[in-house]
Amino acid sequence: MSRVCVIGAGAAGLCAARHLLVEPGVSQVDILEQAGQLGGTWVYTEKIGYDDFGLPIHSSMYKSLRTNLPKEIMGFPDFPVPESERSYLPAKDMLAFLQLYSDKHGVTKHIKFNHHVQLVIPKAGPSGELWDVTFKDMTTNISETREYDYVFVCNGHYNTPFIPSIPGLKEFEGDVMHSHDYRVPEIFTGKRVLVVGAGPSGMDIALEITSVTEKVILSHHLKEQPKTVFPDNLVQKPDVARIEGSKVYFVDGSEDVIDVVFLCTGYLYNFPFLHKSCGIVVEDNCVEPLYKHLVNIHHPSMCFIGVPYYVCAFSMFDLQVRYYVRSMNGTFDLPSSEEMTAHWEEEKRDRAARGYTKRQAHMMGPDQEKYYASLASEARTRTLPSVLTKIREESSIRFLHNLKHYRQDIYKIIDDDTYEIISNGKRE
Ligand code: FAD
């Protein structure tokens, strides 16, 4: 019988626990969560910096956030978002959904809240490898080390800000802030704000803060220029070349005066609790060596749920967990370490040949259907219906070109391949 440690009670950890708890060969599932509640990313807090126990604030949620994907993409395959919910949910409804999922599957009572994982170390056991996991109960300050057969790493990857190296940024006289610390627009009242990056958060927040700022300068290198009609006080610019004093210079030779540099530049994978002997290295935001972005090749009794991005996240978590649990229960055997390494090296070569950078090692986007199918066929389980990736793609395009109103669109899934948009939001 196996003892399993799940690190984190966000959507990925809850999903892992949901499947592990009904697995006959698993005798113990400990879900270690550093926060006082489940939900990870979806927990909104006004606090920035550190929590009451001195741990860095995990969530990057801002007050007004609504999902950037419709509810059809935000559920789990065996637990969809209820029909009654509006299409693009506010964060608090996503949190309530996760609470319901956890309660319904009996997961909540297995979560050790306020338990911060400090160290994970592999060790030899009598019949194979084991793990020592050291965690601290933040309410009592008491640390404990427990032995497990398997470790599921589900600590999320939207909490450690990526700060780009922009010449002159360190010397900038005004405020520099990352979107991790953004909560409400009022902090920018009357300011001239340079927003760096036009990912989902950059675009969303740039639009939101136009209501209070004097000027927003949205600097990005999107291949496709958004057709969204922005308010007059928002201008788009290419990449920043350098910052000098209170001036920003762009690569096209133009310049502007700014009060704030607001970095919407994304996040870094970070596993501070993994001892070096776990064999996992993060370089240029590439986590390796992982087989299928999931299995620690050096120590296959450790898996990582949720590493790929630009995916149908919760459904992918479910598929990754089903895959891995099937390797645990013997439905299929993971390949040898040499085979897994060869697979990962081949994937890296293939991605490089297609123009992906190392930093994009875990970006799925157009690769996601193939990725889902490869997990499913190896583990002999069902893949995700292609209608999910189709809706995801449609919603992403509408996001780019109709930012103000795309959340009014209402989708309906017809079957595994097809959907309909039954109500269109206002068009720009
Ligand atoms: P998290 O939700 O980050 O959960 C990780 C958990 O691990 C946390 O509860 C954390 O406290 C815990 N933890 C971390 N370290 C430790 C430790 N050492 N010990 C114990 N516990 C630990 N995705 C979408 O699909 N649609 C969206 O619209 C969307 N919007 C987003 C908006 C924002 C602002 C952000 C930041 C992300 C958004 N995402 C969205 C991505 C979202 O993060 C994922 O969909 C998903 O919720 C991530 O779940 P997770 O469990 O992997 O990570």
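The values are calculated or read from the model by the stated rules, or taken from the named source; none is laboratory data. The structure displayed is predicted, hence computed values, not measured ones. Using ideal geometry, Cβ is built from the backbone for each residue, glycine included, and neighbour counts are taken over all protein chains shown. Protein only, heavy atoms only, side chains kept; ligands, DNA and RNA dropped before computing areas. Shrake-Rupley method; radii C 1.70, N 1.55, O 1.52, S 1.80 Å.
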Original post:
Out of residues 5 or more away from residue 26 or on other chains, whose amide H comes under 5 Å of its own, with H placed 1.01 Å from N in the peptide plane?
Top reply: 2
Subject >> Solvent-free Debye scattering, log10 I(q)/I(0), computed from the Cα coordinates of the range 194-322 at q = 0.17 Å⁻¹ >> reply: -0.91
**OP:** Determine the sum of side-chain charges near residue 376: Lys and Arg each +1, Asp and Glu each -1, restricted to other residues whose C-beta is under 12 angstrom from that of residue 376.
**Re:** +3
**OP:** Determine one quarter of the surface area of the Cα convex hull of the range 321-428, which equals its mean projected area, and express it in nm² to one decimal.
**Re:** 9.1
Subject >> Gaussian network model of the chain, springs between alpha carbon atoms under 10 Å - residue of 156, 168, 202 with greatest fluctuation >> reply: 168
Subject >> Neighbourhood net charge (15 Å Cβ-Cβ; Lys/Arg +1, Asp/Glu -1) for residue 48 >> reply: -3
Original post:
Ratio of Rg to Rh for the range 250-356, alpha carbon only, Kirkwood?
Top reply: 1.11
Subject >> At most 12 other Cβ within 10 Å, DSSP loop - trypsin sites (Lys or Arg not before Pro), the range 337-369 >> reply: 354
Subject >> Residue among 379, 353, 91 with the largest mean-square fluctuation in a Gaussian network model of the chain, springs linking Cα atoms under 10 Å >> reply: 353
Original post:
With a Cα-only, solvent-free Debye model of the chain, what are the log10 I(q)/I(0) values at q = 0.06, 0.09, 0.14 Å⁻¹?
Top reply: -0.26, -0.60, -1.42
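By its C-alpha gyration tensor, with a ≥ b ≥ c as the square roots of the eigenvalues, how is the range 335-376 shaped: rounded for a/c under 1.5, else prolate for a/b larger than b/c, else oblate?
On the way: a/c = 2.44, a/b = 1.20, b/c = 2.04.
Oblate, since a/c reaches 1.5 and b/c is not below a/b.
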Original post:
For the chain, what is the accessible area per residue in Å², given a 1.4 Å probe and the full set of protein chains?
Top reply: 44
**OP:** Could you let me know the centre-to-centre spacing of the range 279-307 and the range 321-359, using Cα atoms, in angstrom?
**Re:** 9
**OP:** Enumerate the lysines that residue 426 could reach by cross-link, defined here as Cα to Cα under 23 Å, with residues fewer than 8 away along the same chain left out.
**Re:** 71, 227, 390, 404, 412
Original post:
Angle between the Cα long axis of helix 91-104 and the longest principal axis of the chain, 0 to 90 degrees, nearest 10?
Top reply: 10
**OP:** Could you please state how large a percent of the accessible area of the chain is carbon and sulfur, counting protein chains only and using a 1.4 Å probe?
**Re:** 53
**OP:** Compute the length gained on full extension between residue 381 and residue 394: take 0.36 nm times their separation in residues and subtract their Cα-Cα distance, giving the result in nm to one decimal.
**Re:** 2.0 nm
Original post:
Considering only DSSP beta bridges with both partners in the chain, what is the antiparallel share in %, to the nearest 5?
Top reply: 55
Original post:
In Å, what Rg and Dmax follow from the Cα atoms of the range 81-239?
Top reply: 22.4, 69
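What's the FRET efficiency of residue 348 with residue 23 using the Cβ-Cβ distance as r and R₀ = 35 Å, to the nearest 0.05? Kindly include the intermediate steps, with their values, before the conclusion.
Details: r = 32 Å, r/R0 = 0.92.
Rounded to the nearest 0.05, the efficiency is 0.65.
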Subject >> Lys/Arg +1, Asp/Glu -1 at C-beta; the range 54-166 dipole; positive extreme among 105, 154, 65 >> reply: 65
Subject >> 222 nm mean residue ellipticity, helices alone, for the chain (DSSP H n ≥ 4; -39,500 (n - 2.57); rounded to 500) >> reply: -7000 deg cm²/dmol
**OP:** Mind telling me which of 38, 98, 130 comes out most flexible in a GNM of the chain, alpha-carbon contacts under 10 Å?
**Re:** 130
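Do any chymotrypsin sites (Phe, Trp or Tyr not before Pro) in the range 210-277 lie in a loop, going by DSSP, with at most 12 other beta-carbon atoms within 10 Å of their beta carbon, and if so which?
Passing both the DSSP loop test and the Cβ count: no residue.
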**OP:** Return the loop-located trypsin sites (Lys or Arg not before Pro) in the range 200-237 (DSSP other than H, G, I, E, B) with at most 13 other Cβ atoms within 10 Å of their own Cβ; answer none if there are none.
**Re:** 223, 227
Original post:
Between residue 137 and residue 163, what is the FRET efficiency for a Förster distance of 25 Å, r being their Cβ-Cβ separation, to the nearest 0.05?
Top reply: 0.15
Subject >> Modelled FRET efficiency - R0 35 Å, residue 2 with residue 270, Cβ distances, 0.05 increments >> reply: 0.80
